[in-house]
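Peer 1: Following this message is one structure expressed as structure tokens.
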Amino acid sequence: MEKKRVFDVGMLPDKWHSCWGICLIMTLLFVNSPLALFADVAAVASTTQATKTIKGTVTGVDKEPLIGVLITVKGTAQGVITGADGQYEITNISSNAILVFSYIGYQKQEIQLKNQSVLNVVMQESNEMLDEVVVVGYGTQKKVTITGAVSAVSTKELTQSPVANISNSLAGKLTGVTAIQNSGEPGYDGATIWVRGQGTYQTASNPLVIVDGIERAFGDIDPNEIESISILKDASSTAVYGVRGANGVVIVTTKRGSEGKPRINVNVQQAMLNPTRLPEYLESYDALQLYREGLKNDGLNYATYTDEYIEKFRDRSNPTYQYLYPNVNWQEELLRKASFKTQANVNVSGGSGAVRYYISVSYLNQSGMYKHTDLNDYDTQVRSERYNFRSNLDVDFSKRLKMELNLGGIIQDNNFPGQAAGTIFKAIQQTPSWWYPMLNPDGSIGEIAGKNANPYALLTQTGYGAHHTTTLNATVGLSWDMSGLVKGLTAKGRISFDNSNWRNVNRHRSYKSYTFSIDENETDLSKGTYSSVGDGNTTLGYDVIANGWRTAVVEASLNYDRQFGRHQVGLLALYNQQQNTPSVGGGTQNAVAGLPYRRQGLVGRVTYNLDKKYYFEFNAGYNGSENFPKGKRFGFFPAVSGSWLISEENFIKNNVSWLDMLKLRASFGEVGNDQIGGSRFMYMTTWNPNMYGYNFGYVRDGWYLGGAQEATTGNPNVTWERARKIDVGLDIALFNNQLRFTGDIFFEHRTNILTTPLTIPDLSGVESLPLINAGIVDNKGFELELEYRKAFRNASIFAVANFSYARNKIIDMTEPDYVGREWRENEGRRIGEMWGLTAIGLFESEEDIANSPKQMYGDVQPGDIKYKDLNNDNVIDAEDEGFLGRIDKPDKIFGLSLGGSYKGFDLSVLFQGAAGAYIWYSGDLVWPFARFSNVLADVKGNYWSKDNTPAQNAKVDYPRMTSDSNPNNYQASSYWTRSSDYIRLKNLEIGYSLPEAFCKRMGMAGCRFYLTGENLITWDKIKVFDPEMPHSSGNYPQQKIYNIGVNLTF
């Protein structure tokens, strides 16, 4: 039998390369520091006792050997792993040592040695559904005991997505979570997240994010640091957060160390990125033919645009033509086909005796897709570099007194061109290819007076920006087991401090540009002349903006957990307070905005279960914010929930062997939202002491005292939003937990939404009406998840499907009655409904125009958009504008994960999609020749034309061609909305793990290579832009990612 090597630190590679070697050395120094060695005193002392060798075989109940079972000597750092035959051997251990056998999917066993030298162990399969632990508000619970609506995702699923911002890895993996990524720009590519849709029409509809118990952002945390992410959705789960819980809660838990030998994990990945989709625009020849047609349709002179003239824009027989008749593909000239991203992480975890630790160091470098970024002494490429550090330490000072110390840091260095990404991409997409050359023959910037700025110049000649951010956080906590006083009682205290500072250096400059002129028949370009267009200053400016914010949190709690025969009782009482000092600019105008935000509150929880079948839970938060008036700063937010574990009833437990779990649960409660928009201290009235137009009297020398005006009227009754929520859920597990189902239906009634009163007439004389808590919104929906997992001897398969639906409705918005004009009324509509004219097609003939209501947007011709006369006054004008019944955010979210493994190979696939939303397909980047803009390639052959047959005109996506902004066609209307429904091959990963025996010979515990793809294929109706891009595009595009990586474990 091959002896199984005991892992030790000496297995590390002999040579160190780059900074990662230094990081590992520093980590190992910490592991072997006096603090860590202090924990080994007991272990060292035990070595003075008699030692022996123990060996054996570990099998399952089917007598098949189990590979990779971890066997540790309790209280020490000594341990081994079973080999391919399930055998193990441990030497030099105490004759009365306790061996701990651990294996995923099996129950942990602790066995004390006696006099035997051979110990064979049979591992019992665990009921994962019963043993699985989920993080909830201010604690953890076994999944089987949860009475609320909670979804969770683990580190394995998160790290499968090779994204820079972890928020983008949630899409399609969790029920009830909507994650939309509008931009792929490095450093600014995070997703916007909603939980169960939107329950308020105020801007602050995003969930509260909690990282390791403290409110923090989580997008820039390295995924290797995260143990799990839980989504709390109903009132029972979020009531403990009281005034902050109405929009749902995202709980991020980072990894911690566990007892055992130091385990070192190294993960390195390299990725290539390119856009999921870029809009294509016509070349000059095709675009100018359409322009000529537009001039004809508009009744304008088109004599210049002869066939011979237009032909020159694609004829390059004469060297002057590329400058006098340009054909510039701005995207091809300025954007690279691919950019690159590097990620690396090293983490070490372990512990022995009284100390457990987890230490992680990460690095990310992602470059942008711009060309020509090295023309100057400075870099104009968009680039994001990020350094992450985390250290989570647990120390047992005694059996009953424990400490946690969590330290984290994120350093970000971002570089940008002198113009924002939106400005550059809008210029690339909007600037016609036929206006001017990118560069003149002498290398100067080409432009024409009165036209848009040269996109090349915006990218390369306007300077650069360097933005630096450092975020540090620290948490220290003590836990005291007070069982000596009261059995089951624990006291905890935590103090946390977060600080973030940023320093933005912007070095802007202007540039010189010229128009090149020459006889088109001339072959010597040096004979041309240059006329100045832009006489800029090429000297770099220097502007620095620096600021920062800080947050301090204090918590103290008592927790009681006790079993009394058939009864299990749990109690939690917690006090917390928080102060956040925001980052604001200087000046007296910001004196109020710069005041710290302060919150404090009490949290209570009561849990009870009888016979592990009947579960009851009461949660409550009593929270306050100084942003509200005295006497109205605190609110009480209670919730009750319960569940019935039907499968534990004897009539099922003893008769239905294939049913592992059947649980019915329900919750009801009230939570709040204090992020209601508006300014600070809205209960206070503010005045403008410098009103012009009225004088109180002259003082001297012609000087006078100016008037004063009420700027904002205070509302002494302003308060937070309140949301009453109901949730009913069903959990089922079948066939030894191979098949699982979870379903929820929910209803939310949100009140006190901050609203501008629309029923007070202007004749009241109030300059600025106070915002009042009068809005009401209902939100309802359902969630479904079906999961199947099957393990074989050398293989496994899985499939997970989820679907979420949430639909809201505005009940009250304090508006007047729109009798006879219901299409203009907010009430009864959904949040985010689009507004505009209702299009009913295109005019087919002059007769069609004559028989239709008069449209008050300029002259109308056949091929123009025809609108619906909503008020039946035979006129189409602004009174016919209204809500279109189409929303701008999806109300249906779904995902499908498939995968499996065979021996060393593994495969996983994620399909993700959204439905129910629309985007505005309009504006200068879409409308042909709008304000002399470019023309999408999608327009060619896809617009109404007199030369088309009626059948062809019935299928087009664009109205007749026009030469400028058409006042009738280029109105906001339903004609320019497009469904953004899509299905995306979100993630594909293929991995291979080297054989264990080979890894051992190399001094490793494991080695896995993997290939990963993100955003690989998208099926949608838009075709021109990515369906997640904002209205009318213009943003840095979302990226496909092709990633290769290796994971090493020591």
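Nothing in this text is a laboratory measurement; each read-out follows from the coordinates by a stated rule. Quantities reported herein were computed from a predicted structural model and do not represent experimental measurements. Here Cβ is always computed from backbone atoms with ideal geometry, including for glycine, and neighbour counts include all displayed protein chains.
Peer 1: In sequence order, what are the phi-derived ³J(HN,Hα) couplings for the stretch 384-393 according to the Karplus relation 6.51 cos²θ - 1.76 cosθ + 1.60 with θ = phi - 60°, rounded to whole Hz, with x for glycine and proline?
Peer 2: Each residue's phi maps through the Karplus curve to give 10, 10, 9, 10, 10, 9, 8, 9, 10, 10 Hz.
Peer 1: Once you list every other residue whose beta carbon is under 9 Å from the beta carbon of residue 138, what net charge do they have if Lys and Arg are +1 and Asp and Glu are -1?
Peer 2: Around residue 138, the charge tally is 0.
Peer 1: What is the stretch 790-857 by shape, rounded, prolate or oblate, if you read a ≥ b ≥ c off the alpha carbon gyration tensor as root eigenvalues and call it rounded for a/c under 1.5, prolate for a/b larger than b/c, and oblate otherwise?
Peer 2: Judged from the Cα gyration tensor, the stretch 790-857 comes out oblate (a/c at least 1.5, b/c at or above a/b).
Peer 1: Using θ = phi - 60° and the Karplus form 6.51 cos²θ - 1.76 cosθ + 1.60, what ³J(HN,Hα) does each residue of the stretch 408-420 get, whole Hz, x for Gly and Pro?
Peer 2: Once θ is set to phi - 60°, the couplings for the stretch 408-420 become x, x, 9, 10, 10, 10, 10, 10, 9, x, x, 10, 5 Hz.
Peer 1: Could you point to the residue in 858, 628, 736 farthest towards the positive end of the chain's charge dipole, with +1 and -1 charges on the Cβ of Lys/Arg and Asp/Glu respectively?
Peer 2: It is 736, whose Cα lies furthest towards the positive end.
Peer 1: While we're here: Taking other Cβ within 10 Å of each residue's Cβ, how do 542, 323 sort, fewest first?
Peer 2: 542, 323
Peer 1: Next question, about the same structure. Quick one: Cα centre-to-centre distance for the stretch 510-540 and the stretch 399-467, in angstrom?
Peer 2: 25 Å
Peer 1: If you average the alpha carbon positions of the stretch 260-288 and of the stretch 770-813, how far apart do those two centres end up, in angstrom?
Peer 2: That distance is 29 Å.
Peer 1: Which order do peptides 582-591, 473-482, 249-258 fall in by mean Cβ count within 10 Å, highest first?
Peer 2: Ranking the peptides 582-591, 473-482, 249-258 by packing returns 249-258, 473-482, 582-591.
Peer 1: Below 13 Å, Cα to Cα, which aspartates and glutamates can residue 108 reach? Residues fewer than 8 away in the same chain don't count.
Peer 2: Once the sequence-local aspartates and glutamates are set aside, what remains near residue 108 is 125, 128, 131.
Peer 1: Something else now. What 222 nm value per residue comes from the helices of the chain, counting each DSSP H run with n ≥ 4 as -39,500 (n - 2.57) and dividing by all residues, nearest 500 deg cm²/dmol?
Peer 2: Result for the chain, helices only: -2500 deg cm²/dmol.
Peer 1: Something else: Within a Cβ distance under 13 Å of residue 537, other residues only, what is the Lys/Arg minus Asp/Glu net charge?
Peer 2: Taking every Cβ under 13 Å from that of residue 537, the sum is +2.
Peer 1: OK, next. Kindly identify the stretch 419-461 as rounded, prolate or oblate by the Cα gyration tensor criterion: order the square roots of the eigenvalues as a ≥ b ≥ c, call it rounded if a/c is under 1.5, otherwise compare a/b with b/c, prolate if a/b is larger, else oblate.
Peer 2: Oblate, since a/c reaches 1.5 and b/c is not below a/b.
Peer 1: Taking the Cα centre of the chain as origin, sum charge times position over the Cβ atoms of Lys and Arg (+1) and Asp and Glu (-1), and report the length of that vector in debye to the nearest 20.
Peer 2: 4780 debye
Peer 1: Straight-line reach from residue 114: which lysines have Cα under 25 Å away, leaving out those fewer than 8 places along the same chain?
Peer 2: Hits, sequence-local ones excluded: 3, 4, 52, 55, 63, 74, 261.
Peer 1: I've got another one for you. Which lysines does residue 527 reach when only Cα atoms under 18 Å apart count, and residues fewer than 8 places away in its own chain are ignored?
Peer 2: Candidates past the 8-residue exclusion: nothing left.
Peer 1: Once a ≥ b ≥ c are taken as the square roots of the eigenvalues of the Cα gyration tensor of the stretch 129-270, is the result rounded (a/c under 1.5), prolate (a/b larger than b/c) or oblate (a/b not larger than b/c)?
Peer 2: oblate
Peer 1: Okay, next question. For semi-axes √(5λ) of the Cα gyration tensor in Å, the choices are (1) 64, 41, 27; (2) 53, 37, 24; (3) 57, 37, 31; which was calculated from the structure?
Peer 2: (3)
Peer 1: If you don't mind, another one. Between residue 957 and residue 539, take the C-beta separation as r, use R0 = 30 Å, and let me know the FRET efficiency to the nearest 0.05.
Peer 2: 0.05
Peer 1: Among 486, 934, 867, which residue has its Cα positioned farthest towards the positive end of the charge dipole of the chain, with +1 placed on the Cβ of Lys and Arg, -1 on the Cβ of Asp and Glu, and the dipole taken about the Cα centre?
Peer 2: Final value for the positive-end residue is 486.
Peer 1: Same structure again: Under a plain spin-label model, where a point goes 7 Å from the Cα along Cα-to-Cβ, how far apart in nm are residue 741 and residue 315?
Peer 2: A separation of 7.2 nm, rounded to one decimal place.
Peer 1: Lys and Arg at +1, Asp and Glu at -1: add these up for the other residues within a Cβ distance under 9 Å of residue 1026 and post the number.
Peer 2: Once positives and negatives cancel, what remains is -1.
Peer 1: Mark the label point 7 Å from the Cα of residue 801 along Cα→Cβ and return the residues of the stretch 898-920 whose backbone N is within less than 18 Å of it.
Peer 2: The answer is 898-900, 909-915, whose backbone nitrogens lie closer than 18 Å to the label point.
Peer 1: For a protection proxy built on the mean count of beta-carbon atoms within 10 angstrom, sort 490-499, 342-351 highest first, please.
Peer 2: With the highest mean Cβ count within 10 Å placed first, the list reads 342-351, 490-499.
Peer 1: Please turn the phi angles of the stretch 307-321 into ³J(HN,Hα) values with the Karplus equation 6.51 cos²θ - 1.76 cosθ + 1.60 (θ = phi - 60°), one per residue in order, whole Hz, x for glycine and proline.
Peer 2: Computed from phi, the couplings for the stretch 307-321 are 4, 5, 5, 5, 4, 5, 6, 10, 8, 10, 6, 10, x, 6, 5 Hz.
Peer 1: PRE reach from residue 791 (point 7 Å along Cα→Cβ): which of the stretch 731-750 fall under 12 Å by backbone N?
Peer 2: Those under the cut-off are 737-738.
Peer 1: Gain in length, residue 405 to residue 1002, computed as 0.36 nm per residue apart minus the alpha-carbon separation, to one decimal in nm?
Peer 2: 211.5 nm
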